[in-house]
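Peer 1: Take this structure first; my questions come after.
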Amino acid sequence: MAGAIFLTKEAMGNLLKITNLSSSIEGKKIISGINLTIQPGQTIVLMGPNGSGKTSLFKTILGVGNFRINSGEIYFGNKKINNLSIDQRARLGIALMFQKPPKITGVTLLSLLKLLNSDERKVGKQIKNFSAGKLALRDLNSNFSGGELKRSELLQLSLQNAWLYLLDEPDSGVDLDNIKLIGKQINELTKEKNSSVIIITHTGQILDYVKADKAYLMVDGQMKKNVN
């Protein structure tokens, strides 16, 4: 369950504030001079060509992999998180949907969902909402279709009670029926406690079902402009 003590109304003018952020991996600069502010309840879209730094920005925010912050600051609520570990950031309430999640044999999706949330009623309700009854009994990501992978990832996130959801291409490789379901459930993420969502999309198909407050274009590791 995500932390909430530091996210009081008094402390929460901005949920996420990124200032002049640059990061690199193995000495190669990946993102440069990023400035981004997100308020509670907002849905933000990131667009741009492959290799423009969108996924790298997500990984830098959550501390995934070997990304090193060269300059700038990341504030989550009233807390600077630059030097926090990935598990510390996750406990504060940041959740990530991976673009290509790994296959894990011997672990069912249902067993993972129960670890993420001890409320069996909520787990059951969300499985129903995501039409994932049969899916939940299968090994995690084992022979899942594109739509099943995205539903599984988003279902997991929906049980984490997070403040900020980072969704990496939720509409990639997904058929129309699954896009509709995923779009509906993305909208639900923001309702329970005024959480925020950042969506990376190439196709833009998800925007037929999700209302975004702002959209930004990334090119060559830089945030070029607000494309609203």
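Peer 1: What's the angle, to the nearest 10 degrees (0 to 90), between helix 120-129's Cα axis and the longest principal axis of the chain?
Peer 2: On a 0 to 90 degree scale, this one is about 90.
Peer 1: Report, largest value first, the span of the C-alpha coordinates of the stretch 26-95 along each principal axis, in whole Å.
Peer 2: Principal axes ranked by extent give 29, 26, 19 Å for the Cα atoms.
Peer 1: Also, quick follow-up: Report the calculated FRET efficiency for K28 and K193 (r = Cβ-Cβ distance, R0 = 35 Å), to the nearest 0.05.
Peer 2: It comes to 0.40.
Peer 1: Grab the stretch 11-79 and count how many Lys pairs have their alpha-carbon atoms under 17 Å apart, sequence gap of 8 or more, or different chains.
Peer 2: Taking the stretch 11-79 as the scope, the lysine pair count is 7.
Peer 1: Then there is this: Given +1 on the Cβ of Lys and Arg, -1 on the Cβ of Asp and Glu, and no further charges, what dipole in debye does the chain carry about its Cα centre, rounded to the nearest 20?
Peer 2: Once rounded to the nearest 20, the dipole reads 280 debye.
Peer 1: Calculate for the chain the 222 nm mean residue ellipticity that helices alone would give, adding -39,500 (n - 2.57) per DSSP H run of length 4 or more and normalising by residue count, nearest 500 deg cm²/dmol.
Peer 2: Helices in the chain give a 222 nm mean residue ellipticity of -8000 deg cm²/dmol.
Peer 1: Next question, about the same structure. For the stretch 20-36, what does the Karplus curve 6.51 cos²θ - 1.76 cosθ + 1.60, with θ = phi - 60°, yield as ³J(HN,Hα) per residue in whole Hz, taken in order and with x for Gly and Pro?
Peer 2: Working through the residues one at a time gives 6, 7, 10, 9, 9, 9, 6, x, 9, 5, 10, 10, 9, x, 7, 10, 8 Hz.
Peer 1: Which of K28, K214, K17 ends up with the largest GNM mean-square fluctuation for the chain, with Cα atoms connected below 10 Å?
Peer 2: K28
Peer 1: Between G27, G53, G124, which gets the highest mean-square fluctuation from a Gaussian network model of the chain, Cα cutoff 10 Å?
Peer 2: G27
Peer 1: Within the chain, what percent of beta bridges assigned by DSSP are antiparallel, to the nearest 5?
Peer 2: The antiparallel proportion sits near 55 percent.
No lab work stands behind these numbers, since they all come straight from the coordinates. The model shown is predicted, which means the values in this text are computed figures rather than measured ones. Neighbour counts run over all protein chains shown; Cβ positions are idealised from the backbone, glycine included.
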